[in-house]
Each structure stands twice: as C-alpha cells, then as structure tokens.
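Quick notes on the structure that follows.
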Amino acid sequence: MLQVKSHRTPESPSGGFTLVELLVVIGIIAVLIAVLLPALSQARASAQRTQSASNMRQIGIALLMYADGNRGYFPEVTHGIPPNRSWIYSLKPYVGEVDQIRICPADPQADERLRRGGTSYVLNEYVTIPLISPFGTVLEDFRRRDRIRKATETVLAFVSSDKAGTVTANDHTHSRSWFKPPITQNWNRILADIQPDRYRTKKRPDSTGGSTLFLYVDTHVSTIEASELKNKADNNINFAAVPR
C-alpha cells in the first residue's frame, strides 16, 4: 500500500507560538501594564486617603471632647514639656486604643512611628502653642476653642512629613516659621513639617504629585491638592494661620 507522508505547511500551524507572536503578546501586556498601573496607584492612594481621613475625623472629635472637659483648651503638645504629655496620648480616654488612629496607612515610616511613640498626624502650631514675646508677653493664643472665630476654616492638624522625626516629641508643626524671608524657602520649610503629597499619584521632586488631608477645628476633613499648597507657598499665603 502506498503511504503518503504528511507534512506541515505554513497554513497548518503547529500549535506553538512564533517569535513574532510572542513579541506581540509581550508588547500588549506591556501596554496594559502601562495603562493599569496609574489606575491602580490612584485606587490605592484613594483607599489609603479614605482610611486616613477616618483617623483624622476620630482625632478631631476626640480633641473637641478633650476641650469640652478641660475648660475649652486643646491638649498640650510636647513643645517645652515632657514627651509623655503629647496630645495624641491625651486623647486615650476618648478614643480607647490610640494606636489604631495615630498612624496613616500611607506613611512610609509607619512602623517606626508606631514603635517609637510618634504619630503620622501633627497639630497646627497656631492652635496649640501661644505666641510669646521675648519679654514673656502673650501676643497670640488660640489654644482655647472659643477664641477661634472661623472653625470651618482653621486647620487643626496636618499629615506629618517624611522628613520629620518619628518620636513622640514630633507631634506639632512650626507653621509660624513657614512664611518668613526669603520667600523662596517657604516650600522647603513646609515640607519639613507636613507631607503635601502623602497620597501620591505621581512622583515629583517638588512633592506636588498628589494630595494631603487637613483636619479643621469643626472636625471636618478635606483633601487638599499638593499643587494648590505649592501655589499658596509661592504667593506667600500662610494656610496654617488662624483666619481673623
């Protein structure tokens, strides 16, 4: 019997992939990754920001509860007093487990702050530390809640900077010193205290590729774009100051 040997032709695929086909698949995967990564980054930043906003909201309510029980005064920060009197631990009677709300999920130093007693959130110097002259005269003091006329516009707490220390003593800003000559250094002084791009969508050398959170005296929390803060810094507008 005559046998006919079978052979593959270009029209009869072997079931495998050619080099060109593999390269095409790899190219498609690369494109999909490039498209999806920013979306995933934004989704992650959004989730972290939501959790952090919840932390700050609880902190805000606890701060008001503390003030209600202490003649209207907000708790002290560690400025010139023992570190164990940091405001975050003064809130324990009102929040129960402080450790559950003192760390931001997006904080790259979260573990270190947790271990060393620090916090991812810092109180605004304007609201927590009186301004005293070299002669001992109190020039400005907003520690008492009723001295703040515009609670919805007055920032009570910020998200701490990556450059700030991680111990308990690093629990407040130095915002009265942010805006002073030279104006070109405003942004660097701000970055030493708070993190404008904590919830990053892009990595930028000037820390404007994302957003941060502000906790106000009326306990509402707002998302603030880093680029907006940079613009204010460049125009010498101190967003930490208490509105009159």
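The values are calculated or read from the model by the stated rules, or taken from the named source; none is laboratory data. Worth saying up front: this structure is predicted, and the values here are computed from it rather than measured. As a convention, Cβ positions derive from the backbone with ideal geometry for all residues, glycine included, and neighbour counts pool all protein chains shown. We work out accessible area using only protein heavy atoms, side chains counted, and drop any ligands, DNA or RNA first. Shrake-Rupley method; radii C 1.70, N 1.55, O 1.52, S 1.80 Å.
Within the assembled protein chains, the solvent-accessible surface assigned to Lys230 is about 50 Å², based on a 1.4 Å probe.
Normalised by the number of residues in the range 89-136, the mean separation of alpha-carbon contacts (under 8 Å, six or more apart) gives a relative contact order of 26 percent. When the Kirkwood radius is taken over all Cα pairs of the range 105-244, what Stokes-Einstein diffusion coefficient follows at 4 °C and 1.567 mPa s, in µm²/s? The estimated diffusion coefficient comes to 83 µm²/s. Annotation: Asp99 carries an accessible surface of approximately 70 Å², with a 1.4 Å probe and no ligand, DNA or RNA atoms counted.
Using a Gaussian network model of the chain in which every pair of alpha carbons under 10 angstrom is joined by a spring, one finds that among Pro75, Pro205, Pro196 the greatest mean-square fluctuation is at Pro205. Each of Tyr66, Tyr199 has its accessible area taken with a 1.4 Å probe; listed largest first, they run Tyr66, Tyr199. By the rule of a C-alpha distance below 30 Å, with chain neighbours fewer than 8 residues away ignored, the lysines paired with Lys202 are Lys163, Lys180, Lys230, Lys232.
Scaled to the globular estimate 2.2 N^0.38 Å, the Cα spread of the chain, given as radius of gyration, is 1.48. Solvent-accessible surface of protein heavy atoms, probed at 1.4 angstrom with all chains present, puts Ile183, Ile103 in the order Ile183, Ile103, largest first. For the range 102-172, applying the loop criterion from DSSP together with a ceiling of 15 other beta carbons within 10 Å to the chymotrypsin sites (Phe, Trp or Tyr not before Pro) yields Phe135.
Take the Cα radius of gyration of the range 90-134 and divide it by 2.2 N^0.38 Å, N being the number of residues; the result is 1.45.
Per-residue counts of other Cβ atoms within 10 Å, averaged by peptide: what ranking do you get for 219-227, 186-194, highest first?
Averaged packing, sorted descending, gives the order 186-194, 219-227.
Placing unit charges on each Cβ (+1 for Lys and Arg, -1 for Asp and Glu) gives the chain a dipole about its Cα centre, and among Pro108, Ile183, Val217 the Cα reaching farthest toward its positive end belongs to Ile183.
Globularity index of the range 189-244 is 1.13 (Cα radius of gyration / 2.2 N^0.38 Å, N = number of residues).
The translational diffusion coefficient of the range 44-83, from Stokes-Einstein at 37 °C and 0.692 mPa s with a Kirkwood hydrodynamic radius over alpha carbon pairs, comes to 276 µm²/s. Using a cutoff of 8 angstrom between alpha carbon atoms and counting only pairs six or more residues apart, the relative contact order for the chain works out to 19 percent. Taking the inverse of the mean reciprocal distance over all distinct Cα pairs, the Kirkwood hydrodynamic radius of the range 41-145 comes to 15.1 Å. For the residues Ser133, Ser161, Ser86, a GNM of the chain with alpha-carbon springs under 10 Å puts the largest fluctuation on Ser133. Rolling a 1.4 Å probe across all protein chains gives Arg147 an accessible area of roughly 90 Å². Could you check which residue among Thr18, Thr78, Thr208 shows the biggest mean-square fluctuation in a GNM of the chain with a 10 Å Cα cutoff? In the Gaussian network model the winner is Thr18.
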